[in-house]
Every structure is written in structure tokens, then in C-alpha cells.
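Comments concern the structure below.
Only the coordinates and a few stated rules stand behind these numbers; no lab work does. In this text the structure is predicted, and so the values were computed from the model without any measurement. Positions of Cβ are generated from backbone atoms using ideal geometry, with glycine treated the same way; all protein chains shown enter the neighbour counts.
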Amino acid sequence: MEGSSVLFLFIAGTLLLSLFAFFLVIYLQVQKRKQNRFRIEKEQLQQEILKTGLEVQEQAINNISRELHDNIGARLSAVLRYMQVVEANPAAANAGELLQESGNTLTEAIKDMRNISHMLSSDYVMQNGLIESVYKEVEYVRKATGIDALVLVEGDYYNLNSGLELIIFRMVQEAISNTLKYAKATHLRIRMSYGQDFFELYISDNGIGFDADAVSSGIGIANMKNRARMLKANLDIKTSPGAGVTILLNMNVNEKG
């Protein structure tokens with residue numbers, strides 16, 4: 001009788017240990033899959049960050065070229081003319097005024113160069129955050145083009161993942177570029193809403209709009225849709241000829257910081 005009890009306990013213990021080992025193996029496999037999925041998603045995000053930087057490179061080069069020629073080049077040319085006048089006649093009555101104007105003009109040129117640097121730098125976005133980067137971008141665009149652009153922030157601000165903020169910022173840049181290049185708009189509005197469990201980006205202009213069905217596969221829209229997928233966000237683009245463009249991005253927020 002005692003032998004049967006011992007045998008039963010031995011068998012039961014063996015079964016329990018086997019079940020424990022089985023579930024432990026299953027648990028470890030599930031955790032490993034989660035880690036692999038997280039690693040893959042992280043690598044995809046890093047690749048997208050790199051891609052977003054490369055995608056705007058040609059566009060940025062064109063913008064910089066135009067800015068260097070039209071704005072900074074003009075400022076430096078003016079400084080050169082002032083200096084040539086002073087050099088030719090140092091005792092001229094307006095020499096001091098020209099020197100002061102030269103200093104002011106150089107200061108503005110340096111400020112413009114700094115703005116261009118910030119516009120292109122991924123590090124700037126990651127270090128200073130989405131809101132400051134968007135404000136800086138819009139300030140630069142407003143100054144360079146004269147368009148009536150406004151940024152509005154709603155809700156209690158919190159930091160998103162820096163990689164996600166960079167992707168969102170590139171979407172803002174893409175939208176602004178399209179507005180300036182195609183829309184012939186005079187007004188541009190950007191709103192960032194911070195909810196408890198969501199983030200929303202709203203961009204709209206009063207330009208000429210376009211036929212969304214006809215250009216649904218265009219590079220600009222395709223880039224935005226791809227970035228929205230990387231953000232796991234919903235993207236809605238509303239437009240029609242003569243009705244401007246409205247872009248709405250809505251993203252669930254699970255992790256902040």
C-alpha cells in the first residue's frame with residue numbers, strides 16, 4: 001500500500017514537473033518572440049527615421065539653394081557693397097552708418113544660416129522636441145515666404161518617443177513643402193492636440209486643392225501614408241479642386257517620454 005502511494009506521488013510529481021517544464025518552455029518562447037518582434041519594430045523605426053531624412057534631402061537642397069541665392073546671398077552682397085563704399089572713402093559722413101548696417105545685415109545672415117541648419121538637423125528635432133521644431137520651421141517659412149502660417153497646441157504637452165516625433169516632424173515638413181510648391185495658399189494652419197491617450201496632428205491650407213483620387217499614388221501622399229503606418233496612426237487627407245487641403249493624423253499614445 002505504501003509502495004503504491006510512493007509510486008503515485010512519484011508519477012504525480014514527475015507529471016507536475018513535466019507540465020512546469022512544458023509551460024516554462026512555452027513562456028520563454030513567447031517572451032523570445034515578443035523580444036524579436038520588438039527588435040524588428042525598433043529596427044524598422046530606425047530605418048524609417050533614416051529614410052525620412054533621405055527623402056527630404058533633395059527637396060531641402062533645392063530650398064537651401066534658393067534661400068542662399070535669394071536671401072543670404074543678397075544680404076552678403078549688400079554687406080560687400082557697404083564695405084566697398086567705406087573702403088573707398090573712410091571719411092565719408094555715412095561711413096559709421098554703413099558699418100553699423102553691415103553688422104546688422106551680417107547678424108541677420110547668421111541667423112538665417114542657423115535656421116537652415118535647424119531645419120535639416122534630425123538631432124535638433126530629437127533634442128528640442130516636436131513643438132519647438134514645428135514652431136521654428138513655421139517661423140522660418142513665414143519669414144521666407146510671407147505666408148500667413150499659424151501653429152496651435154492644445155492639451156497638456158508631453159514628450160513622445162523622439163523617433164516618432166521625428167517622423168511626425170517630417171510629415172509636417174512634407175505638408176508645408178507641398179503647400180508652398182503646389183497649393184498657391186495664403187493661409188496655413190497647424191494644430192497639435194495632446195490628449196490623455198491620443199495625439200492628433202491637423203494641417204490645413206486655403207489653396208487650390210487637388211483631385212485626391214487622381215493623385216492618391218503620388219510620392220508625397222505615399223510618403224505620408226507610409227509614415228502613418230510606421231506610427232500605427234490613422235491618416236485622413238481631405239481635398240478637392242478649389243477647396244484647399246486638410247490633413248488629419250490621429251495616433252493612440254501608449255508610451256510617453
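Model label sites at Arg37 and Lys143, defined 7 Å from Cα along the beta-carbon direction, differ in position by 4.7 nm. Taken along the Cα-to-beta-carbon direction at a fixed 7 Å, the label points for Leu28 and Glu108 span 7.0 nm. Based on the Cβ-Cβ distance from Tyr135 to Ala88, what FRET efficiency comes out when R0 is 45 Å, to the nearest 0.05? Computed FRET efficiency for Tyr135 and Ala88: 0.55.
For the pair Gln100 and Ser77, a Förster radius of 22 Å applied to the C-beta separation gives a FRET efficiency near 0.80, rounded to the nearest 0.05. Peptide packing: for 201-207, 186-192, the average count of neighbouring Cβ atoms within 10 Å per residue gives the ranking 201-207, 186-192, highest mean first. Kirkwood hydrodynamic radius of region 146-257, from the reciprocal of the average inverse Cα-Cα distance over all distinct pairs: 14.4 Å.
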